[in-house]
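Engineer: Can you keep this structure in mind? I'll have questions shortly.
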Amino acid sequence: MAFDFSNTSDECIKCGKCIPTCTIHEVNKDEVTSPRGFLDLLGAYQRGDLELDKNAKDIFESCFLCTNCVDICPNDLPVDMLIEQVRDDIRKKYGLAWYKRLFFWLLRHRKIMDLAAKLGFVFQTCGFKIHEKQSSMEPRFSLPIVKKDRLLPSAKAKSFLNSHPDVIKNGGKGKIGIFIGCLANYTYTDIGKSLLEILKVLEIDAYLIKNQLCCGAPAYFTGDFDTVDYLAKHNIKYMETFIDELDAVIIPEATCSAMVKVDYIHFFHDQQEWKERALKLTPKIYMATEYLEKCTNLKEILANKKQKMSELVTYHDPCHARKMQGIYKEPRELISQNYALKEMSDSNRCCGFGGVTIQTEKYDLAKKAGMPKAAMIRDSKADIVSAECSACRMQITNSLFQDDVDVVFKHPLELIAKALKEI
């Protein structure tokens with residue numbers, strides 16, 4: 001997929017507004033690992049003045065793809081897209097580590113993913129230590145690349161999609177498709193369960209999108225464009241068969257939603273037919289809290305429950321929600337109906353997840369990026385931190401563990417479902 005790095009590099013006016021916001025520059029204060037540095041190097045690479053050697057590979061793979069620079073850039077330069085593109089070139093030249101190849105292969109094969117989840121293998125393939133602070137589940141085994149000081153979740157024995165029927169009739173006041181995403185399907189299954197409980201109260205029928213594959217985000221951020229092409233085309237073709245019959249398809253994950261609504265269009269920039277097909281889907285694709293707040297009476301139902309829950313909640317804005325989709329008011333509007341909400345000092349700061357490569361090969365950077373977020377959560381005095389993103393959940397849960405902060409992470413849908421049941 002050819003992309004003109006040099007034109008974008010030349011459009012950078014070197015104002016430096018991006019540098020204070022850059023996640024990697026915050027933890028590695030070097031001009032090279034900053035948006036301005038990345039753009040200069042990308043321009044040099046296109047001109048043939050920079051060899052894509054191991055040093056350049058290391059630099060381009062250090063970006064967290066948080067899109068802070070894109071959000072603040074006066075010229076709206078798509079630094080994240082360029083980094084993703086050059087990572088595809090890196091993959092073509094150097095290949096992928098065996099565990100990435102295995103993980104992305106699993107993402108193409110749902111039935112094998114289901115089996116791997118039963119064996120507790122899915123996310124260990126990606127190099128994550130399997131364990132969670134809120135549970136006593138220990139890993140069945142551990143790969144050599146796994147960092148022993150991490151606290152991250154295990155796959156459940158039965159996925160969300162395999163635990164419920166294809167269609168759940170709740171009264172017919174609407175028809176909603178659920179694109180659950182991999183982490184909520186295999187690991188944080190209470191997210192989907194909570195969504196079903198909310199739709200039941202709203203009397204909206206739920207249609208589980210059973211043949212969905214991974215949205216492709218892990219492969220996209222790593223540079224495995226062959227896998228992205230396969231996954232994106234499968235999901236587009238599949239959703240085209242039923243989306244006209246639904247009011248909406250809702251996705252309770254910021255990264256998955258941003259991938260389907262925004263990045264599919266970016267990815268197919270040179271495949272016009274597929275770009276147009278992706279564009280036709282977007283009017284009916286919503287993040288879960290976005291749809292529930294804007295298109296249902298859930299807020300009024302919650303507001304009519306006069307009693308407040310006892311827990312104090314602080315909210316973290318996932319990069320792929322606020323910066324890529326402009327969604328940040330909606331979850332707060334719903335949560336604040338029944339919970340006291342206390343803002344942390346910088347809810348918009350990236351948690352430091354960064355994707356598969358950061359988590360497996362540059363974990364020291366993820367750890368450094370996560371500590372400030374853990375400190376903000378601690379200083380908020382909240383009992384619960386919430387975000388509509390399971391990648392953030394993994395990173396923040398681990399950062400809280402590292403900093404010994406006794407705060408529980410809950411998805412906003414889990415908080416809403418609890419309020420509906422208990423008040």
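Throughout, read-outs are computed from the coordinates displayed, never taken from laboratory work. No experiment lies behind these values; they were computed from the predicted model shown. Cβ coordinates were reconstructed from backbone atoms using ideal geometry, including for glycine residues, and neighbour counts include every protein chain displayed.
Engineer: Kindly put 242, 38 in sequence by how many other C-beta atoms sit within 10 Å of each C-beta, fewest to most.
Structural biologist: So the residues, fewest neighbours to most, are 242, 38.
Engineer: A further question on this structure: On full extension of the chain, what length is gained from residue 166 through residue 211, given 0.36 nm per residue of separation minus the C-alpha to C-alpha distance? Walk me through the numbers on the way to the answer.
Structural biologist: Details: separation 45, 0.36 × 45 = 16.20 nm, distance 1.01 nm.
Fully extending the segment from residue 166 to residue 211 adds 15.2 nm.
Engineer: At 0.36 nm per residue, and after removing the present C-alpha to C-alpha distance, how many nm does the segment from residue 119 to residue 15 gain when stretched out fully?
Structural biologist: On the way: separation 104, 0.36 × 104 = 37.44 nm, distance 5.10 nm.
Result for the pair: 32.3 nm of gain on full extension.
Engineer: Can you check what the net charge comes to around residue 76, using other residues whose Cβ is under 14 Å from the Cβ of residue 76 (Lys, Arg +1; Asp, Glu -1)? Don't jump to the answer; show the numbers that get you there.
Structural biologist: Numbers: positive: 17, 323; negative: 11, 71, 80.
Local charge sum for residue 76: -1.
Engineer: Let me ask another. Tell me the label-point distance for the pair residue 76, residue 30, using the 7 Å Cα-to-Cβ offset, in nm and rounded to one decimal.
Structural biologist: Between residue 76 and residue 30, the label points sit 3.3 nm apart.
Engineer: Among 66, 86, 97, whose Cα projects farthest towards the positive end of the dipole of segment 52-101, with charges put on the beta-carbon of Lys, Arg (+1) and Asp, Glu (-1)?
Structural biologist: Going by the charge dipole, the pick is 97.
Engineer: Further question: For segment 163-293, with only Lys/Arg (+1) and Asp/Glu (-1) charged at the beta-carbon, what is the dipole magnitude about the Cα centre, in debye rounded to 20? Mind showing how you got there, number by number?
Structural biologist: On the way: 13 positive and 19 negative charges, 55 e Å.
The calculation lands at about 260 debye.
Engineer: Determine the dipole magnitude for segment 297-422: charges of +1 sit on the beta-carbon of Lys and Arg, -1 on that of Asp and Glu, nothing else is charged, the reference point is the Cα centre, and the result goes in debye to the nearest 20.
Structural biologist: On the way: 20 positive and 17 negative charges, 51 e Å.
Roughly 240 debye for segment 297-422.
Engineer: Continuing with the same structure: Give the long-range amide H neighbours of residue 409: residues separated by 5 or more places, or on another chain, with amide H under 5 Å away, using H modelled in the peptide plane at 1.01 Å from N.
Structural biologist: It is 385, by chain and number.
Engineer: Also, quick follow-up: With springs only between Cα atoms under 10 Å apart, run a GNM on the chain and tell me which of 197, 61, 245 wobbles the most.
Structural biologist: Of the options given, 245 has the highest mean-square fluctuation.
Engineer: Can you list the residues of segment 171-198 with backbone N under 20 Å from a point 7 Å past the Cα of residue 297, pointing along Cα to Cβ?
Structural biologist: 171-176, 196-198
Engineer: Taking Cα atoms, how many degrees apart are the long axis of helix 225-240 and the longest axis of the chain, rounded to 10 and kept between 0 and 90?
Structural biologist: So the helix axis and the longest Cα principal axis differ by about 30 degrees.
Engineer: Let me ask something else about it. Quick check for me: using +1 on Lys/Arg Cβ and -1 on Asp/Glu Cβ, what's the dipole size of the chain about its Cα centre, in debye to the nearest 20? Write down the numbers at each step before the final one.
Structural biologist: Values: 59 positive and 58 negative charges, 269 e Å.
Its charge dipole is roughly 1300 debye.
Engineer: Round to the nearest 10 and give me the degree value, 0 to 90, for the angle of helix 35-47's Cα axis relative to the longest principal axis of the chain.
Structural biologist: Result, in degrees: 50.
Engineer: Follow-up question, since we're still on this one. Mind pulling the angle between the C-alpha long axis of helix 79-94 and the longest principal axis of the chain? Nearest 10 degrees, somewhere in 0 to 90.
Structural biologist: Compared with the principal axis, the helix lies near 70 degrees.
Engineer: Restrict the search to segment 235-330; then list the trypsin sites (Lys or Arg not before Pro) that DSSP places in a loop and that have at most 13 other Cβ atoms within 10 Å of their Cβ. It would help to have the intermediate numbers written out before the result.
Structural biologist: Working: sites: 237, 261, 275, 277, 280, 284, 294, 299, 305, 306, 308, 322, 323, 329; in loops: 305, 306, 308.
When the trypsin sites (Lys or Arg not before Pro) of segment 235-330 are filtered for loop state and at most 13 Cβ neighbours within 10 Å, 306, 308 remain.
Engineer: Taking 0.36 nm per intervening residue step and subtracting the Cα-Cα distance, what contour gain separates residue 421 from residue 237 on full extension?
Structural biologist: On the way: separation 184, 0.36 × 184 = 66.24 nm, distance 3.76 nm.
Full extension of this stretch gives 62.5 nm more.
Engineer: Still on this model: In whole angstrom, note down how far apart the Cα centers of segment 368-423 and segment 79-110 are.
Structural biologist: 29
Engineer: Still on this structure, I have one more. Based on the Cβ-Cβ distance of residue 93 and residue 270, what FRET efficiency does E = 1/(1 + (r/R0)^6) give at R0 = 22 Å, to the nearest 0.05? Don't jump to the answer; show the numbers that get you there.
Structural biologist: On the way: r = 20 Å, r/R0 = 0.91.
E(calc), rounded to 0.05, equals 0.65.
Engineer: Rounded to the nearest whole Å³, what is the per residue volume of the convex hull around the Cα atoms of the chain?
Structural biologist: Details: hull volume 55.5 nm³, N = 423.
Spread over its residues, the Cα hull of the chain gives 131 Å³ apiece.
Engineer: State the answer as a single residue: which of 182, 375, 235 lies farthest towards the positive end of the charge dipole of the chain, with beta carbon charges of +1 for Lys and Arg and -1 for Asp and Glu, about the Cα centre.
Structural biologist: The one lying farthest along the dipole's positive direction is 182.
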